[in-house]
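Input: a single structure, listed below in structure tokens.
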Amino acid sequence: MKQVRKGKIVAMVGFFGLFAGVLLSACSKPTEEDTSLSKVEEAKTLVVATSGTLYPSSYYNDENELVGYDVDVAKEVAKRLGVEITFKEYNVDGQVSSLTRGEADFAANDFGLTDERAEKFSLSTPIKYSFDSMIVRKSDDSGIASLEDLDGKKAAGEPNTSYMRLAESYGAELVTYDNATNDQYLTDVANGRTDVILNDYYLQKMAVAALPDIPVKILEDVYFNPNETGFLFVKDHQALQEKVDAVLAEMKEDGSLKELAETYFQTDISVKSDQAIQTVETD
């Protein structure tokens, strides 16, 4: 808007006073209403983005049912909200994009609740506390005894994840996959197509235990980056995020979150451990 010169202020004061509300309204952008919760309530359906390939957070069981820790927590959230639930399956990038495109109400796939993600998304309260580890070949540890040994090794994972950025910062060559299953990841390490997988310790522990015939293992005593995981929401969808957080608080209070955690991880990962774990940064 043009500034009125000082000499004209007296002459214009009555005019400006009369139309101040109109002018200010025309110059300011109205705040968009957050309808994220009411949209779910009116549709009576909660749409959740996930992978269907991340054991034991989101995967298909022997009856071809989509289950898992994150999946079952989301199902219980929908139940307590009194709505149906629909899952849409994507790789990690696709899940994130589905939020920005309005195709999903939140994403549930063991997403780390990092400061970087908080700049772009609204984050739920944590549903899982963990730390990171590395899967290597059982026969020779893939020649890796520390993060520094990643230099020149082939690290497997989905593109644009914090695990792959960390591996790259230590000099690893990245081998990327598009929503691959655990058996493909582990088999490729075993046969030498890749050397290492950086990921969440509890996810890796369960994956290795579920596929005992594949000769890989978690590299013992090389644990790093304590983390928290939960659900991702569109940045300005705080009404839905706060409602989901309220439900998660109920689930923690009544023990149902602990029960699901122990079902899938054989330990209660819904509470923070007092184990001391080193934090490492990417370059």
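The values are calculated or read from the model by the stated rules, or taken from the named source; none is laboratory data. All figures in this text were calculated on a predicted structure; none of them were measured in a lab. Note that we place each Cβ from the backbone using ideal geometry, even for glycine, and neighbour counts take in every protein chain shown. The accessibility values were calculated without ligands, DNA or RNA, using every heavy atom of the protein model including side chains. Shrake-Rupley method; radii C 1.70, N 1.55, O 1.52, S 1.80 Å.
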Problem - Within-9-Å neighbourhood charge of residue 110 [Cβ basis; K, R +1; D, E -1] - result: -1
Fill in the blank from the handout: For the chain, the accessible surface attributable to carbon and sulfur atoms (probe 1.4 angstrom, ligands and nucleic acids excluded) amounts in percent to 49
Handout entry: Fraction of beta bridges assigned by DSSP in the chain that are antiparallel (%, nearest 5)
Key = 60
Handout entry: Computed helical MRE - 222 nm, the chain, DSSP H runs ≥ 4 contributing -39500 (n - 2.57), nearest 500
Key = -11500 deg cm²/dmol
Handout entry: 9 Å beta-carbon shell around residue 271, net charge (K/R +1, D/E -1)
Key = +2
Problem - Using θ = phi - 60° and Karplus 6.51 cos²θ - 1.76 cosθ + 1.60, couplings along region 216-224 (whole Hz; Gly, Pro as x) - result: 10, 7, 7, 5, 5, 6, 10, 10, 7
Handout entry: Net charge of Cβ neighbours under 10 Å - reference residue 225; Lys, Arg +1; Asp, Glu -1
Key = -3
Fill in the blank from the handout: Too long for a 25 Å Cα-Cα cut-off, among 128/217; 120/217; 243/272; 39/79; 154/205; 153/205, are 120/217
Practice task
Tell me which residues come under 5 Å, amide H to amide H, from residue 49 once H is placed; ignore anything under 5 positions away on its chain.
Solution key: 88, 105, 106, 107, 108
Problem - Relative counts (whole %) of C-alpha pair distances in region 87-232, using bins that are 5 Å wide - result: 2, 10, 19, 22, 20, 14, 9, 4, 1, 0
Fill in the blank from the handout: The answer for residue 153, listing residues at least 5 apart or on another chain whose modeled amide H is closer than 5 Å to its amide H, is 173
Practice task
Assign unit charges at the C-beta atoms only (+1 for Lys and Arg, -1 for Asp and Glu), then state the dipole size of the chain relative to its Cα centre in Debye, rounded to the nearest 20.
Solution key: 1760
Completion exercise
Taking the reciprocal of mean 1/r across every pair of different Cα atoms in region 34-119, the Kirkwood radius in Å is 13.3
Practice task
Compute the accessible area per residue over the chain, keeping the other protein chains in place, probe 1.4 Å, unit Å².
Solution key: 54
Practice task
May I ask which residue of 108, 263, 142 lies farthest towards the positive end of the charge dipole of the chain, with charges of +1 (Lys, Arg) and -1 (Asp, Glu) on Cβ and the Cα centre as origin?
Solution key: 108
